[in-house]
């Protein structure tokens, strides 16, 4: 009798776990409290040691994106900075509807045509999280994405910063 | 490949002509695999001028590895872009790994090879900064690796399109950067490519891979990283 009750209890526990996973699909994370420097500072005031990069340097200061913790964006249209993609400029406009990014349009692209892109949102499993912060220590090498990706994200980031 | 290549060898004796051979190798790779070159082998395959089965050994090896990776990642890595083949998301890491192997065969012990921000290290601890995707003059994390590969996937812009291999008309913008530390750069690069295509779920994919750690940055500047990332992180 005891054995049967125990195994029913175990089955019950797994069933409850399964159900709760289905009903709460949002991001479940352990936020890491950030000590030390505050969120990534504006480039114009930064005292960070410039590290050798293998990519193109920016010719104008680019505002960094302040971390968003739970807030939504303000509705509207926000034009990002013009960012150097090495073979030309990229500039995007972000459109916020109902507090979410509903569209991102290219205003400038090296061959000057325009397009718009749609956004995906997805959920995710248990992992650690933090707001990104600038690290000023010296490095030997830098890992990053391509010049066009960097420029796209810089322009998008400045558009989103205005929408906050 | 048409991206900055940095090779640093810190052994006591380094011959310049050996380093030149590595740069020549990357030119060879670019001439063969660049989809932007009109007369590259891959472009000729895509135009139907060469059959895959008759292509060079290196081409066949890369295409075979792309097929394997596609199967292993449920299609989140794919070299198929419409009707054409584009192995960029794998060939970059593969070529860097091969180049590092050439340095090893030449007898060198302490070096790294960095092509476009994807890196293979060897022989000593190397400090690698993870670039802030929103500001190219800053690093957001610093890791120390010796023998591992570090790859960072970002939004893949092709023409004026931001590309998602899974849904060609719905590009990834929820995440802007995903850095992967793997046992070597070939592994790190192909898994970073596959993971980026999964959007925010990509870091979960990396967390399930044994021997890999990842650091993903969302469009809001929030980073999500695998539990073992901290063992490499010095800042």
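What follows draws every value from the coordinates through simple rules; no lab data is involved. Not measured: the values here are computed from a predicted model. Note: ideal-geometry Cβ built from the backbone for every residue, glycine included; neighbour counts use all protein chains shown.
Assorted remarks:
- Alpha-carbon centroid distance for the pair the range B:25-61 / the range B:88-165, whole angstrom: 23
- Stretching residue B:13 away from residue B:72 to a fully extended chain increases their span by 17.1 nm, per 0.36 nm per residue minus the current alpha-carbon distance.
- For chain B, the spherically averaged projection of the C-alpha convex hull amounts to 13.0 nm².
- Relative contact order [Cα under 8 Å, 6+ residues apart], chain B, whole percent: 16
- Summary of packing: across the peptides B:115-127, B:54-66, B:218-230, the per-residue average of other C-beta atoms within 10 Å ranks them, highest first, as B:115-127, B:218-230, B:54-66.
- Applying 1/(1 + (r/R0)^6) with R0 = 51 Å to the Cβ-Cβ distance of residue B:23 and residue A:79 gives a FRET efficiency near 0.80.
- Take each residue of peptide B:176-185, count the partner chain Cβ atoms within 10 Å of its Cβ, and average: the result is 2.
- Burial ordering of B:104, A:93, B:208, fewest other beta-carbon atoms within 10 Å first: B:208, B:104, A:93
- Neighbouring partner chain Cβ atoms per residue of B:120-133, average, 10 Å criterion: 5
- For the range B:1-50, average projected area of the Cα convex hull in nm²: 4.0
- Likely footprinting exposure, B:196, B:23, fewest C-beta neighbours within 10 Å first: B:23, B:196
- Using the Cβ-Cβ distance between residue B:39 and residue B:230 with R0 set to 45 Å, the FRET efficiency works out to roughly 0.45.
- Estimated inter-spin distance, residue A:102 and residue A:137, nm [label 7 Å along Cα→Cβ]: 4.6
- Most fluctuating residue given options B:113, B:128, B:140, as computed from a GNM of chain B linking Cα atoms under 10 Å: B:140
- Peptide B:220-233, shielding by other chains (average Cβ, 10 Å cutoff): 5
- Separation in nanometres of the label points that stand 7 Å from Cα toward Cβ, at residue B:52 and residue B:210: 3.0
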